[in-house]
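Scroll down for the structure; my scribbles are underneath it.
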Amino acid sequence: MIKRILGTLAAASIATPAAFAGVYVNVEANSSLTGTDYSSTTTDVHVGYEDTAGVVDWYVQGGPAVVAVDGSDSDTRLSGKVGANIEATEKLDFYGELAVLTADTDTNLDNAWATKLGAKFSF
């Protein structure tokens, strides 16, 4: 049942124009390597909501994250992101994102936090 719902949401998000505000599904895999030494892949399966307020496009999303570390069993945690894109001018945008991944329950480690800040200039 959940697979059917996620599939329907994914199909709807693909078929919907980019300017659409509302619910979406985002599946993303991020792998880590140093040189040719693979260390891990984290796959997020998020449900999110996006909207626009004036010149600001914003989103919030979250869900399970499967963390597969090289040589270890995979671990399912929770992750989430909030972000925004601000149109400063017709050709200049600023964007930012705050992400969190909960700690592995088998360790004493803290939650992992990440930020992203940037600017995009279009010619």
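The values are calculated or read from the model by the stated rules, or taken from the named source; none is laboratory data. Quick caveat, the model's predicted, so the values are computed rather than measured. A quick note on method: Cβ atoms are made from the backbone with ideal geometry, for glycine too, and the neighbour counts reach across all protein chains shown.
Take Val23 and tell me if it is at pLDDT 95 or above, under 17 Å from Glu97 (Cα atoms) and of a type in the set (A, V, I, L, M). Give the steps one after another, and end with the answer.
On the way: at pLDDT 95 or above: yes; under 17 Å from Glu97 (Cα atoms): no; of a type in the set (A, V, I, L, M): yes.
The answer is no for Val23.
Evaluate the following for Thr76: is it under 22 Å from Asp44 (Cα atoms), surrounded by 10 or more Cβ atoms within 10 Å (Cβ to Cβ) and either in contact (Cβ under 8 Å) with a residue 40 or more places away in the chain or of a type outside the set (Asp, Glu) (or both)? So Thr76 passes the test. None of Thr89, Thr76, Thr52 is assigned to a loop (DSSP other than H, G, I, E, B) and of a type in the set (Val, Ile, Thr) except Thr89.
The requirement of being under 11 Å from the mean Cα position of the chain (by Cα), modelled with pLDDT of 95 or more and surrounded by fewer than 15 Cβ atoms within 10 Å (Cβ to Cβ) is not satisfied by Val45.
Considering only the range 92-117, state which residues are assigned to a strand (DSSP E or B), touching a residue at least 24 places away in the same chain (Cβ under 8 Å) and more than 21 Å from Val55 (Cβ to Cβ).
Looking only at the range 92-117, we keep the residues that are assigned to a strand (DSSP E or B), and these are 92-101, 112-117.
Right, trim to touching a residue at least 24 places away in the same chain (Cβ under 8 Å) and you get 92-95, 101, 116.
Across the range 92-117, the qualifying residue is only Leu101.
A single entry from Thr52, Thr115 fulfils the requirement of being under 29 Å from Gly22 (Cβ atoms) and over 17 Å from the mean Cα position of the chain (by Cα): Thr52. Whether a residue is among the aliphatic types (A, V, I, L, M), surrounded by 11 or more Cβ atoms within 10 Å (Cβ to Cβ), in a strand (DSSP E or B) and touching a Leu at 6+ places or on another chain (Cβ under 6 Å) was assessed, and Val67 does not pass this test.
Taking the conditions exactly as written (modelled with pLDDT of 95 or more, of a type in the set (S, T, N, Q) and either farther than 27 Å from Asp104 by Cα or surrounded by 14 or more Cβ atoms within 10 Å (Cβ to Cβ) (or both)), does Thr52 satisfy them or not?
On the way: modelled with pLDDT of 95 or more: yes; of a type in the set (S, T, N, Q): yes; either farther than 27 Å from Asp104 by Cα or surrounded by 14 or more Cβ atoms within 10 Å (Cβ to Cβ) (or both): yes.
When the stated conditions are applied, Thr52 passes them.
In the condition set (1) over 10 Å from the mean Cα position of the chain (by Cα); (2) assigned to a strand (DSSP E or B), Val27 is compliant with all but (1).
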